[in-house]
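Trainee: Following this message is one structure expressed as structure tokens.
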Amino acid sequence: MKQNRLFTLLLFILTFALGISQTTQETVDKIVSEGTSNSQLEVLAHELMDVVGPRLVGTPQMKHANDWAIEQFKKWEIDARMEEYGKWRGWERGITHVDLISPRVVTLNGMQLAWSPSTAKKGVTAETILIPEVTDSLAFQQWLPNAKGKIILVSMEQPTGRPDYNWEEFATPESFEKMKKDREEQTTAWNERIKKTGFSSRDINQAFEKAGAVGIIQSRWSNAFGANKIFSANTKTIPVIDLSLEDYGLLYRLTQSGEKPQLKVVAESKELGTVPTFNTIAEIKGTELPDEYIILSAHFDSWDGATGATDNGTGTITMMEAARILKKIYPNPKRTILIGLWGSEEQGLNGSRAFVEDHPKIVEGVQAVFNQDNGTGRVVNITGQGFLHAYDYIGKWLNAVPNDISKHIETSFPGSPAGGGSDYASFVAVGAPAFSLSSLSWSYWNYTWHTNLDTYDKIVFDDVRNNAILTAIMAYMASEHETKTSREKSILPINKRTGEQSTWPTQRSPERDGGKID
Ligand SMILES: [Zn+2]
């Protein structure tokens with residue numbers, strides 16, 4: 001009994017010393033408990049990644065995702081709406097099937113790039129050829145008729161399918177050095193080969209298309225076992241296919257050695273004209289200061305080489321779960337809590353830039369924006385984004401976060417404002433205090449970012465749970481904060497490269513009618 005009282009007294013002194021009131025502590029505890037023992041993250045991840053799938057702007061799946069999110073929020077009795085902000089070229093992925101027919105039959109691992117034209121239903125079968133070695137652009141023009149009826153291999157063959165970390169672990173230092181040197185020389189020679197055609201790797205596909213080629217095969221390796229980056233095609237009528245490093249290498253070597261491989265490509269995508277694009281916005285109205293906003297921010301769209309699990313499925317479900325927890329534990333917030341699931345971040349922060357442009361009143365009322373968009377890892381870094389007094393409030397809010405979560409987080413203040421990278425930059429540009437909850441990498445850049453491997457199995461749920469709880473607590477603290485947060489900007493440092501003083505990033509308009517190939 002006595003000990004118990006002493007403990008209570010100590011706890012009281014401790015919380016007082018940290019400046020955290022008993023109500024605050026109670027609410028924080030409830031948030032932690034709800035986020036831990038009633039977590040909905042696995043269910044949300046399954047429905048979003050496995051059932052809805054990839055969320056490329058302009059696809060029916062993106063619209064499906066918008067509808068799904070609205071339905072989720074409604075289930076939790078959170079008001080939600082879709083805001084149309086523009087349009088995009090509509091397209092739907094279909095079956096891609098790539099088979100080597102001759103000299104032997106092999107089903108290859110590849111897929112159409114986003115917005116790639118389709119083939120006829122029965123596909124196209126043709127011989128593969130390499131980009132030729134020519135002396136100059138004139139020679140290339142003379143060679144070009146050879147592309148007619150062929151499938152062109154447009155990427156360099158990688159000398160190794162093992163990532164460098166694997167070489168570092170097992171190779172002798174000499175052979176690792178030799179491989180890197182050989183690869184460098186090979187890359188220089190390959191770039192030279194393309195340059196001599198008079199085209200760049202960006203526009204050479206169109207030259208082949210014009211010359212009557214029937215398909216383009218590339219392999220954009222992501223320097224990790226089995227991982228390729230899958231972006232968009234730039235042709236009008238012929239398909240562009242990405243093949244795995246392993247299968248591309250096979251095809252390349254067979255072509256080079258004169259085996260005249262025959263390849264069959266079936267690519268069944270559909271063009272859908274022009275379709276509207278949306279942001280999904282949910283809102284828990286503030287009771288005292290409804291015109292001031294805490295925005296929980298994550299882009300909802302993805303590339304479509306996989307299901308966008310870590311870019312940005314995890315950011316999305318973090319914000320949705322934080323909203324669910326807040327609605328349950330803190331249903332009458334002092335300020336309005338708004339959840340912004342942005343469209344078309346991948347094509348240039350389009351959804352968030354549109355939101356900032358279309359809602360100046362909300363932007364003016366921003367208390368804080370918390371954005372998460374660099375993978376599945378627990379949050380390890382928060383910077384003040386150049387706001388002079390960010391430490392005063394972010395520091396205070398972080399104080400309320402349990403040590404198991406905050407101990408991983410390094411902060412730097414005032415930091416410098418981000419000019420891009422993810423949606424918080426759209427808010428920073430107009431001087432609204434917006435912050436990135438920056439994650440531990442879990443090999444994000446090579447393995448999952450924009451690759452064919454960004455799938456459910458890569459999600460680290462305990463880290464995402466950590467982040468949802470962190471976000472809910474930060475939002476709660478920002479909502480309860482006594483004053484509106486300061487937007488005063490720090491004086492930015494001299495840029496070492498230019499010798500001039502850095503300037504604050506400026507607002508940019510979104511692409512509201514995008515995706516057309518001209
Ligand atoms: Zn992202």
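The values are calculated or read from the model by the stated rules, or taken from the named source; none is laboratory data. Since the structure is predicted, the reported quantities are computational estimates derived from the model, not experimental observations. For neighbour counting, all protein chains shown are included, and Cβ atoms are generated from backbone atoms with ideal geometry for every residue, glycine included. These area figures cover heavy atoms from the full protein model, side chains too; ligands, DNA and RNA do not enter into them. Shrake-Rupley method; radii C 1.70, N 1.55, O 1.52, S 1.80 Å.
Trainee: Please enumerate the residues belonging to region 449-461 that are open to solvent by 10 Å² or more (accessible area, probe 1.4 Å) and either under 20 Å from Leu398 (Cβ atoms) or touching a helix residue (DSSP H, G or I) at 6+ places or on another chain (Cβ under 7 Å) (or both).
Mentor: Trp449, His450, Leu453, Thr455, Tyr456, Lys458, Ile459, Phe461
Trainee: So which residues in region 419-444 are within 16 Å of the ligand (Cβ to nearest atom), among the aliphatic types (A, V, I, L, M) and surrounded by fewer than 20 Cβ atoms within 10 Å (Cβ to Cβ), if there are any at all?
Mentor: Leu440
Trainee: Moving to a separate point now. Considering only residues that are more than 16 Å from the ligand (Cβ to nearest atom), open to solvent by less than 10 Å² (accessible area, probe 1.4 Å) and not aliphatic (A, V, I, L, M), which ones fall in region 332-354?
Mentor: Correct list: Pro333, Arg335, Thr336.
Trainee: Let me ask something else. Kindly indicate the residue of region 281-306 that is touching a Lys or Arg at 6+ places or on another chain (Cβ under 8 Å) and polar (S, T, N, Q) and also nearest to the ligand (Cβ to nearest atom) among those meeting that condition.
Mentor: Ser302
Trainee: Can we say Ile517 is more than 16 Å from the ligand (Cβ to nearest atom), open to solvent by 70 Å² or more (accessible area, probe 1.4 Å) and in a loop (DSSP other than H, G, I, E, B)?
Mentor: So Ile517 does not fit the description; no.
Trainee: Consider only pairs whose beta carbons are under 7 Å apart and that are at least six residues apart or on different chains; among these, list those whose first residue lies in region 435-457 and is closer than 12 Å to Asn223 by Cα and in contact (Cβ under 8 Å) with a residue 40 or more places away in the chain and whose second residue is in a strand (DSSP E or B) and away from the ligand (no atom under 11 Å from the Cβ).
Mentor: From region 435-457, the pairs are Thr451/Asn228; Thr451/Lys229.
Trainee: Something else: Looking at Thr485, is it in a loop (DSSP other than H, G, I, E, B) and open to solvent by less than 30 Å² (accessible area, probe 1.4 Å)?
Mentor: yes
Trainee: When you go through Gly149, Gly161 one by one, which is the residue that is in a loop (DSSP other than H, G, I, E, B) and over 30 Å from the mean Cα position of the chain (by Cα)?
Mentor: Only one candidate qualifies: Gly149.
Trainee: Among the residues of region 186-205, write down those that are open to solvent by 40 Å² or more (accessible area, probe 1.4 Å) and not in a helix (DSSP H, G or I).
Mentor: Gly198, Phe199, Ser200, Ser201, Arg202, Asp203
Trainee: Quick check: anything in region 97-107 more than 28 Å from Trp303 (Cα to Cα) and either open to solvent by less than 50 Å² (accessible area, probe 1.4 Å) or among the polar types (S, T, N, Q) (or both)?
Mentor: Checked against the condition, which is being more than 28 Å from Trp303 (Cα to Cα) and either open to solvent by less than 50 Å² (accessible area, probe 1.4 Å) or among the polar types (S, T, N, Q) (or both), region 97-107 yields at least one hit.
Trainee: Could you tell me whether any residue of region 245-258 is under 24 Å from the mean Cα position of the chain (by Cα), of a type outside the set (Gly, Ala, Ser), outside any strand (DSSP E or B) and surrounded by 23 or more Cβ atoms within 10 Å (Cβ to Cβ)?
Mentor: There is at least one residue in region 245-258 that is under 24 Å from the mean Cα position of the chain (by Cα), of a type outside the set (Gly, Ala, Ser), outside any strand (DSSP E or B) and surrounded by 23 or more Cβ atoms within 10 Å (Cβ to Cβ).
Trainee: Can I ask one more? Given the criteria part of a loop (DSSP other than H, G, I, E, B) and surrounded by 15 or more Cβ atoms within 10 Å (Cβ to Cβ), does Thr125 qualify?
Mentor: No; evaluated as a whole, the condition is false for this residue.
Trainee: So which helices (runs of 4 or more DSSP H) stay within region 380-478 end to end and still have 2 or more residues that are under 24 Å from Thr27 (Cβ atoms)?
Mentor: Numbers: elements: 390-399, 403-406, 424-428.
Output list reads 390-399, 403-406.
Trainee: Could we say that Arg183 is farther than 29 Å from Pro117 by Cβ, part of a helix (DSSP H, G or I), open to solvent by less than 50 Å² (accessible area, probe 1.4 Å) and in contact (Cβ under 8 Å) with a residue 24 or more places away in the chain here?
Mentor: On the way: farther than 29 Å from Pro117 by Cβ: yes; part of a helix (DSSP H, G or I): yes; open to solvent by less than 50 Å² (accessible area, probe 1.4 Å): yes; in contact (Cβ under 8 Å) with a residue 24 or more places away in the chain: yes.
Considered against the rule, which asks whether it is farther than 29 Å from Pro117 by Cβ, part of a helix (DSSP H, G or I), open to solvent by less than 50 Å² (accessible area, probe 1.4 Å) and in contact (Cβ under 8 Å) with a residue 24 or more places away in the chain, Arg183 comes out as yes.
Trainee: Separate question: What pairs come out if I take residues in region 358-381 that are among the acidic types (Asp, Glu) and pair them with residues that are assigned to a strand (DSSP E or B) and within 14 Å of the ligand (Cβ to nearest atom) whose C-beta lies under 8 Å away, six or more apart or interchain?
Mentor: Hits for this filter: Asp373/Ala298; Asp373/His299; Asp373/Ser436.
Trainee: Next question. Return a yes/no flag: does region 307-328 have any residue that is within 14 Å of the ligand (Cβ to nearest atom), on the phi < 0 side of the Ramachandran plot and open to solvent by 10 Å² or more (accessible area, probe 1.4 Å).
Mentor: yes
Trainee: Still on this structure, please answer the following. Within region 206-232, track down each residue that is over 25 Å from Glu246 (Cα atoms) and part of a helix (DSSP H, G or I).
Mentor: Gln206, Ala207, Glu209, Lys210
Trainee: Scanning for something within 16 Å of the ligand (Cβ to nearest atom) and open to solvent by 20 Å² or more (accessible area, probe 1.4 Å), does region 394-415 turn up at least one residue?
Mentor: Checked region 394-415: no residue is within 16 Å of the ligand (Cβ to nearest atom) and open to solvent by 20 Å² or more (accessible area, probe 1.4 Å).
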